[in-house]
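Worksheet: one structure, shown below.
The values are calculated or read from the model by the stated rules, or taken from the named source; none is laboratory data. Because the structure is predicted, anything quoted here is derived from the model rather than measured. No Cβ is skipped: glycine too gets one built from the backbone with ideal geometry, and neighbour counts run over all protein chains shown. These area figures cover heavy atoms from the full protein model, side chains too; ligands, DNA and RNA do not enter into them. Shrake-Rupley method; radii C 1.70, N 1.55, O 1.52, S 1.80 Å.
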Amino acid sequence: MTITFLAPDGVAITAKQERQAKAALYGGGAGRPLGGRSGFRVDTSSTVLVATTTTWTLKPCSAMIDPGATTHQGMYGWATDADVTGAVTASDVTYDRKDIVYVQINDSSAGDGSGALTANVGYLAGTPSATPTAPDLPARSFLLGTITVPKTGAGSPTVAVNPARFVGAGGILPVYSQAERDALTKYDGLAVRRMDLARRPADVWDGAAWSLGDYYETSATVTSFSTGWAATAGYAPKVYRYGNRVFLEGAVTLGSGADWSSILTIPVGFRPSANAFLGANVSSTGAAAVELTIGSNGVVGSPDTYRTGSLASGNVLPVKGSWPV
(Lines give C-alpha, C1' and ligand atoms only; values in the text may rest on other atoms or scores of the structure.)
Protein backbone atom coordinates (compact mmCIF):
# COMPACT_ATOMS: atom_id res chain seq x y z
CA MET A 1 0.00 0.00 0.00
CA THR A 2 1.23 3.49 -0.87
CA ILE A 3 -0.38 6.65 0.47
CA THR A 4 0.32 9.75 -1.58
CA PHE A 5 0.14 13.26 -0.13
CA LEU A 6 0.17 16.13 -2.64
CA ALA A 7 2.31 18.05 -2.34
CA PRO A 8 4.43 19.39 0.54
CA ASP A 9 7.85 20.74 -0.38
CA GLY A 10 10.68 18.25 -0.18
CA VAL A 11 8.52 15.10 -0.43
CA ALA A 12 9.43 13.15 -3.55
CA ILE A 13 6.67 11.35 -5.44
CA THR A 14 6.59 9.31 -8.63
CA ALA A 15 4.56 10.13 -11.72
CA LYS A 16 2.32 7.17 -10.92
CA GLN A 17 1.65 8.55 -7.44
CA GLU A 18 0.71 11.91 -8.91
CA ARG A 19 -1.72 10.25 -11.33
CA GLN A 20 -3.26 8.32 -8.45
CA ALA A 21 -3.56 11.32 -6.16
CA LYS A 22 -5.33 13.28 -8.92
CA ALA A 23 -7.87 10.49 -9.47
CA ALA A 24 -10.35 12.44 -7.34
CA LEU A 25 -10.48 14.98 -10.18
CA TYR A 26 -11.52 12.42 -12.80
CA GLY A 27 -15.17 12.08 -13.76
CA GLY A 28 -16.93 8.92 -12.59
CA GLY A 29 -18.58 6.11 -14.50
CA ALA A 30 -15.51 4.12 -15.54
CA GLY A 31 -15.61 1.62 -12.69
CA ARG A 32 -11.89 2.12 -11.95
CA PRO A 33 -11.26 3.72 -8.55
CA LEU A 34 -7.99 5.39 -9.62
CA GLY A 35 -8.78 5.61 -13.34
CA GLY A 36 -11.38 7.30 -15.47
CA ARG A 37 -13.24 7.39 -18.76
CA SER A 38 -10.93 8.26 -21.65
CA GLY A 39 -11.95 11.08 -23.93
CA PHE A 40 -11.06 14.22 -25.86
CA ARG A 41 -11.51 17.60 -24.21
CA VAL A 42 -15.21 18.47 -24.34
CA ASP A 43 -14.87 21.26 -26.93
CA THR A 44 -12.87 19.19 -29.43
CA SER A 45 -14.05 19.74 -33.00
CA SER A 46 -15.65 16.98 -35.03
CA THR A 47 -13.09 17.83 -37.73
CA VAL A 48 -10.03 17.38 -35.49
CA LEU A 49 -9.17 14.36 -37.69
CA VAL A 50 -9.43 14.66 -41.49
CA ALA A 51 -8.33 12.49 -44.39
CA THR A 52 -7.75 12.57 -48.13
CA THR A 53 -7.13 9.62 -50.43
CA THR A 54 -3.44 9.78 -49.51
CA THR A 55 -3.05 11.43 -46.09
CA TRP A 56 -4.72 11.59 -42.67
CA THR A 57 -4.17 14.62 -40.44
CA LEU A 58 -4.77 15.02 -36.72
CA LYS A 59 -4.99 18.68 -35.73
CA PRO A 60 -3.82 20.08 -32.36
CA CYS A 61 -5.94 18.57 -29.58
CA SER A 62 -5.83 17.08 -26.11
CA ALA A 63 -7.27 14.09 -24.28
CA MET A 64 -7.22 12.25 -20.99
CA ILE A 65 -6.47 8.56 -21.45
CA ASP A 66 -6.74 5.59 -19.11
CA PRO A 67 -4.80 2.70 -20.68
CA GLY A 68 -6.01 0.30 -17.99
CA ALA A 69 -2.89 -1.86 -18.14
CA THR A 70 -2.70 -2.17 -14.36
CA THR A 71 -5.31 -1.75 -11.65
CA HIS A 72 -3.91 1.43 -10.12
CA GLN A 73 -2.19 3.02 -13.10
CA GLY A 74 -4.29 6.18 -13.29
CA MET A 75 -4.96 8.49 -16.26
CA TYR A 76 -2.49 10.21 -18.56
CA GLY A 77 -2.86 13.69 -19.97
CA TRP A 78 -2.03 13.75 -23.70
CA ALA A 79 -1.81 16.55 -26.25
CA THR A 80 -0.31 17.57 -29.56
CA ASP A 81 0.43 21.24 -30.33
CA ALA A 82 0.98 20.67 -34.07
CA ASP A 83 -0.56 18.63 -36.88
CA VAL A 84 0.26 14.92 -36.88
CA THR A 85 0.06 13.30 -40.31
CA GLY A 86 0.37 9.88 -41.86
CA ALA A 87 -0.23 8.00 -45.09
CA VAL A 88 -3.61 6.45 -45.92
CA THR A 89 -3.27 2.99 -47.43
CA ALA A 90 -4.34 2.93 -51.08
CA SER A 91 -8.00 2.06 -51.70
CA ASP A 92 -9.12 -1.37 -52.83
CA VAL A 93 -10.49 -1.74 -56.36
CA THR A 94 -13.46 -3.85 -55.25
CA TYR A 95 -14.47 -3.08 -51.68
CA ASP A 96 -14.61 -0.27 -49.12
CA ARG A 97 -12.42 -0.36 -46.02
CA LYS A 98 -12.44 1.06 -42.47
CA ASP A 99 -9.18 2.28 -40.93
CA ILE A 100 -8.45 3.65 -37.45
CA VAL A 101 -6.21 6.35 -36.00
CA TYR A 102 -5.36 6.06 -32.30
CA VAL A 103 -3.01 6.99 -29.46
CA GLN A 104 -1.24 4.12 -27.71
CA ILE A 105 0.06 4.67 -24.17
CA ASN A 106 3.30 2.77 -23.47
CA ASP A 107 4.62 3.20 -19.94
CA SER A 108 6.94 0.42 -18.88
CA SER A 109 7.57 2.27 -15.59
CA ALA A 110 3.93 1.46 -14.68
CA GLY A 111 4.46 -2.23 -15.43
CA ASP A 112 2.55 -2.46 -18.70
CA GLY A 113 5.20 -4.69 -20.32
CA SER A 114 5.60 -2.45 -23.36
CA GLY A 115 9.29 -1.76 -22.85
CA ALA A 116 8.72 1.85 -23.92
CA LEU A 117 7.85 5.31 -22.64
CA THR A 118 5.86 6.70 -25.56
CA ALA A 119 2.39 7.91 -26.51
CA ASN A 120 2.50 8.01 -30.28
CA VAL A 121 -0.32 8.37 -32.80
CA GLY A 122 -0.86 5.20 -34.82
CA TYR A 123 -2.79 4.15 -37.91
CA LEU A 124 -4.18 0.75 -38.85
CA ALA A 125 -5.77 -0.09 -42.18
CA GLY A 126 -8.74 -2.43 -42.07
CA THR A 127 -9.59 -5.28 -44.43
CA PRO A 128 -11.57 -4.42 -47.60
CA SER A 129 -14.97 -6.07 -47.50
CA ALA A 130 -18.54 -5.84 -48.78
CA THR A 131 -19.40 -5.04 -45.13
CA PRO A 132 -16.16 -3.57 -43.77
CA THR A 133 -15.42 -3.35 -40.06
CA ALA A 134 -12.68 -1.40 -38.31
CA PRO A 135 -9.65 -3.32 -37.01
CA ASP A 136 -9.39 -4.05 -33.30
CA LEU A 137 -7.93 -1.25 -31.23
CA PRO A 138 -4.43 -2.11 -29.95
CA ALA A 139 -3.96 -2.60 -26.21
CA ARG A 140 -3.69 0.53 -24.04
CA SER A 141 -5.02 2.71 -26.84
CA PHE A 142 -7.55 5.50 -27.25
CA LEU A 143 -9.42 5.66 -30.56
CA LEU A 144 -9.09 9.07 -32.22
CA GLY A 145 -11.31 8.30 -35.18
CA THR A 146 -12.36 5.92 -37.94
CA ILE A 147 -11.66 6.54 -41.62
CA THR A 148 -13.96 4.96 -44.18
CA VAL A 149 -12.04 4.52 -47.43
CA PRO A 150 -14.33 3.89 -50.45
CA LYS A 151 -13.26 1.54 -53.20
CA THR A 152 -11.21 3.06 -55.98
CA GLY A 153 -13.18 5.64 -57.92
CA ALA A 154 -16.08 5.75 -55.43
CA GLY A 155 -15.24 9.07 -53.78
CA SER A 156 -13.13 10.50 -50.99
CA PRO A 157 -12.58 9.04 -47.51
CA THR A 158 -14.87 10.14 -44.68
CA VAL A 159 -13.90 10.43 -41.04
CA ALA A 160 -15.89 9.74 -37.86
CA VAL A 161 -14.12 11.25 -34.86
CA ASN A 162 -14.50 9.33 -31.60
CA PRO A 163 -17.28 11.15 -29.71
CA ALA A 164 -15.93 10.19 -26.26
CA ARG A 165 -15.25 13.28 -24.14
CA PHE A 166 -13.50 13.51 -20.77
CA VAL A 167 -15.09 15.50 -17.96
CA GLY A 168 -13.81 16.22 -14.48
CA ALA A 169 -15.39 14.99 -11.27
CA GLY A 170 -19.00 16.17 -10.97
CA GLY A 171 -19.19 17.12 -14.62
CA ILE A 172 -22.05 16.08 -16.91
CA LEU A 173 -20.72 13.32 -19.14
CA PRO A 174 -21.73 13.37 -22.84
CA VAL A 175 -23.08 10.01 -24.06
CA TYR A 176 -24.33 9.12 -27.52
CA SER A 177 -26.87 6.36 -26.87
CA GLN A 178 -28.94 4.85 -24.08
CA ALA A 179 -26.75 1.75 -24.28
CA GLU A 180 -23.64 3.84 -23.62
CA ARG A 181 -25.37 5.48 -20.64
CA ASP A 182 -26.50 2.16 -19.19
CA ALA A 183 -23.01 0.65 -19.46
CA LEU A 184 -21.53 3.24 -17.08
CA THR A 185 -20.67 2.32 -13.51
CA LYS A 186 -23.38 4.31 -11.76
CA TYR A 187 -23.31 6.29 -8.54
CA ASP A 188 -25.96 8.45 -6.88
CA GLY A 189 -25.91 11.80 -8.68
CA LEU A 190 -24.14 10.63 -11.86
CA ALA A 191 -25.33 12.96 -14.64
CA VAL A 192 -25.01 12.37 -18.37
CA ARG A 193 -25.84 14.56 -21.35
CA ARG A 194 -27.87 12.63 -23.96
CA MET A 195 -26.25 13.79 -27.21
CA ASP A 196 -28.46 11.37 -29.17
CA LEU A 197 -31.69 13.19 -28.20
CA ALA A 198 -33.16 16.50 -29.27
CA ARG A 199 -32.23 19.45 -27.04
CA ARG A 200 -29.55 17.33 -25.33
CA PRO A 201 -31.34 16.51 -22.05
CA ALA A 202 -29.49 15.38 -18.94
CA ASP A 203 -30.26 12.02 -17.33
CA VAL A 204 -29.42 11.67 -13.62
CA TRP A 205 -28.99 8.43 -11.65
CA ASP A 206 -30.77 8.74 -8.30
CA GLY A 207 -29.38 5.55 -6.80
CA ALA A 208 -32.17 3.34 -8.17
CA ALA A 209 -33.14 4.58 -11.64
CA TRP A 210 -32.40 7.17 -14.28
CA SER A 211 -34.50 10.33 -14.15
CA LEU A 212 -34.49 13.14 -16.65
CA GLY A 213 -32.57 16.06 -15.22
CA ASP A 214 -33.99 18.78 -17.44
CA TYR A 215 -37.18 19.39 -19.33
CA TYR A 216 -37.46 18.87 -23.05
CA GLU A 217 -40.14 18.06 -25.57
CA THR A 218 -40.26 15.99 -28.72
CA SER A 219 -43.02 14.27 -30.66
CA ALA A 220 -43.69 11.74 -33.40
CA THR A 221 -46.63 10.51 -35.47
CA VAL A 222 -47.52 6.83 -35.20
CA THR A 223 -47.14 5.14 -38.59
CA SER A 224 -47.18 1.43 -37.70
CA PHE A 225 -50.67 -0.12 -37.51
CA SER A 226 -51.65 -3.77 -37.22
CA THR A 227 -53.94 -5.59 -39.66
CA GLY A 228 -57.44 -4.14 -39.70
CA TRP A 229 -56.48 -0.84 -38.07
CA ALA A 230 -55.75 2.56 -39.64
CA ALA A 231 -55.24 6.13 -38.46
CA THR A 232 -58.50 8.08 -38.33
CA ALA A 233 -58.41 10.98 -40.81
CA GLY A 234 -57.64 14.20 -38.98
CA TYR A 235 -56.87 12.36 -35.73
CA ALA A 236 -53.77 10.33 -36.53
CA PRO A 237 -52.25 9.05 -33.26
CA LYS A 238 -49.23 11.02 -32.03
CA VAL A 239 -46.86 10.67 -29.12
CA TYR A 240 -45.45 13.62 -27.20
CA ARG A 241 -42.54 13.29 -24.83
CA TYR A 242 -42.29 15.82 -22.02
CA GLY A 243 -39.26 15.13 -19.87
CA ASN A 244 -39.37 11.50 -18.85
CA ARG A 245 -43.06 10.91 -19.65
CA VAL A 246 -44.81 10.15 -22.96
CA PHE A 247 -48.41 11.04 -23.84
CA LEU A 248 -50.39 9.31 -26.59
CA GLU A 249 -53.46 10.80 -28.23
CA GLY A 250 -55.43 10.27 -31.43
CA ALA A 251 -57.85 7.76 -32.90
CA VAL A 252 -57.87 4.61 -35.02
CA THR A 253 -60.55 3.24 -37.34
CA LEU A 254 -61.53 -0.42 -37.28
CA GLY A 255 -61.47 -2.41 -40.52
CA SER A 256 -61.91 -6.06 -41.35
CA GLY A 257 -59.71 -8.77 -39.84
CA ALA A 258 -58.56 -6.61 -36.94
CA ASP A 259 -56.28 -8.14 -34.32
CA TRP A 260 -57.26 -6.72 -30.94
CA SER A 261 -54.07 -7.79 -29.22
CA SER A 262 -52.04 -5.48 -31.45
CA ILE A 263 -53.53 -2.19 -32.62
CA LEU A 264 -50.47 -0.01 -33.28
CA THR A 265 -46.77 0.24 -32.42
CA ILE A 266 -45.21 3.26 -30.71
CA PRO A 267 -41.99 4.58 -32.34
CA VAL A 268 -38.61 3.83 -30.77
CA GLY A 269 -37.60 6.48 -28.24
CA PHE A 270 -41.13 6.81 -26.87
CA ARG A 271 -41.67 3.28 -25.57
CA PRO A 272 -41.95 2.42 -21.86
CA SER A 273 -39.22 0.50 -20.07
CA ALA A 274 -41.85 -1.97 -18.80
CA ASN A 275 -45.42 -2.98 -19.64
CA ALA A 276 -48.01 -0.33 -18.74
CA PHE A 277 -51.79 0.14 -18.52
CA LEU A 278 -53.15 3.09 -20.52
CA GLY A 279 -56.77 3.29 -19.32
CA ALA A 280 -60.25 2.86 -20.79
CA ASN A 281 -61.50 4.31 -24.09
CA VAL A 282 -65.04 4.48 -25.45
CA SER A 283 -65.75 4.00 -29.17
CA SER A 284 -67.36 6.64 -31.39
CA THR A 285 -70.67 4.78 -31.23
CA GLY A 286 -70.55 4.37 -27.49
CA ALA A 287 -71.13 0.66 -28.03
CA ALA A 288 -67.82 -0.55 -26.67
CA ALA A 289 -65.43 0.25 -23.85
CA VAL A 290 -61.85 -0.82 -24.39
CA GLU A 291 -58.95 -0.95 -21.95
CA LEU A 292 -55.59 -0.46 -23.62
CA THR A 293 -52.21 -1.79 -22.57
CA ILE A 294 -48.73 -1.07 -23.93
CA GLY A 295 -45.72 -3.35 -23.86
CA SER A 296 -42.06 -2.44 -23.58
CA ASN A 297 -41.88 -3.32 -27.29
CA GLY A 298 -44.20 -0.39 -28.00
CA VAL A 299 -47.23 -2.50 -28.99
CA VAL A 300 -50.56 -0.99 -27.92
CA GLY A 301 -53.37 -3.53 -27.72
CA SER A 302 -56.45 -4.73 -25.89
CA PRO A 303 -56.61 -8.34 -24.70
CA ASP A 304 -60.11 -9.77 -25.20
CA THR A 305 -60.83 -9.97 -21.48
CA TYR A 306 -60.55 -6.18 -21.26
CA ARG A 307 -63.20 -5.35 -23.89
CA THR A 308 -66.95 -4.88 -23.49
CA GLY A 309 -69.49 -4.46 -26.28
CA SER A 310 -68.57 -4.73 -29.92
CA LEU A 311 -67.27 -2.58 -32.73
CA ALA A 312 -68.22 -2.70 -36.40
CA SER A 313 -66.04 -1.94 -39.38
CA GLY A 314 -65.68 1.82 -39.73
CA ASN A 315 -66.13 2.59 -36.04
CA VAL A 316 -63.56 4.85 -34.44
CA LEU A 317 -61.66 4.04 -31.25
CA PRO A 318 -59.79 6.82 -29.41
CA VAL A 319 -56.32 5.87 -28.24
CA LYS A 320 -54.88 7.80 -25.35
CA GLY A 321 -52.74 7.38 -22.30
CA SER A 322 -49.33 8.13 -20.83
CA TRP A 323 -46.38 6.25 -19.39
CA PRO A 324 -42.84 6.86 -18.10
CA VAL A 325 -39.79 6.12 -20.23
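Just to verify a number: FRET efficiency for Ser108 and Tyr240, C-beta to C-beta distance, R0 = 45 Å, to 0.05?
Numbers: r = 57 Å, r/R0 = 1.27.
The pair Ser108/Tyr240 has a calculated efficiency of 0.20.
Please work out how much length the chain gains when fully extended from Glu249 to Asp83, using 0.36 nm per residue of separation minus the C-alpha to C-alpha distance, in nm with one decimal.
54.3 nm
Quick one: accessible area per residue over the chain, 1.4 Å probe, rounded to a whole number of Å²?
Normalised by residue count, the accessible surface of the chain is 49 Å².
Find the percent of Cα-Cα distances in the stretch 1-70 that exceed 14 Å, and round it to a whole number.
Here the long-distance tail beyond 14 Å is 70 percent of all Cα pairs in the stretch 1-70.
For the chain, with a Gaussian network of springs between Cα atoms less than 10 Å apart, report the residue from Val239, Val84, Val268 with the top mean-square fluctuation.
Result for the chain, Cα springs under 10 Å: Val268 fluctuates most.
As an exercise, take the mean of 1/r over every pair of distinct alpha carbons in the stretch 146-248, invert it, and state the Kirkwood radius in angstroms.
17.1
Per residue and in Å³, how big is the convex hull formed by the alpha-carbon atoms of the stretch 1-121?
161
Divide the volume of the convex hull of the Cα atoms of the chain by its number of residues and quote the answer in cubic angstrom per residue.
In the chain, the Cα hull volume divided by residue count equals 193 Å³.
Calculate the FRET efficiency for Tyr187 and Glu217 from the Cβ-Cβ distance with a Förster distance of 45 Å, rounded to the nearest 0.05.
Efficiency, rounded to the nearest 0.05: 0.95.
Which length gain, in nm to one decimal place, applies between Glu18 and Thr308 when the Cα-Cα distance is subtracted from 0.36 nm times their residue separation? Mind showing how you got there, number by number?
Values: separation 290, 0.36 × 290 = 104.40 nm, distance 7.12 nm.
Length gained between Glu18 and Thr308: 97.3 nm.
Return the calculated 222 nm mean residue ellipticity for the chain, to the nearest 500 deg cm²/dmol, obtained by summing -39500 (n - 2.57) across DSSP H runs with n ≥ 4 and dividing by the residue count.
Mean residue ellipticity, 222 nm, calculated: -1000 deg cm²/dmol.
Take the solvent-accessible surface of the protein heavy atoms, probe 1.4 Å, and return the percent of it on the chain that carbon and sulfur atoms account for. Display every interim value, and only then the final one.
Values: 8460 of 16070 Å².
Of the solvent-accessible surface of the chain, carbon and sulfur hold 53 percent.
What length, rounded to one decimal in nm, is gained on full extension from Gln178 through to Asp136, with 0.36 nm per residue of separation minus their alpha-carbon distance?
Gain on stretching Gln178 to Asp136: 12.8 nm.
Ser62 accessible area, nearest 10 Å², 1.4 Å probe?
In the full protein context, Ser62 sits at about 40 Å².
Are any of the pairs Lys16/Lys59; Lys186/Lys238; Lys22/Lys59; Lys59/Lys151; Lys16/Lys186; Lys22/Lys186 more than 32 Å apart by Cα-Cα distance, and if so, which?
Lys186/Lys238
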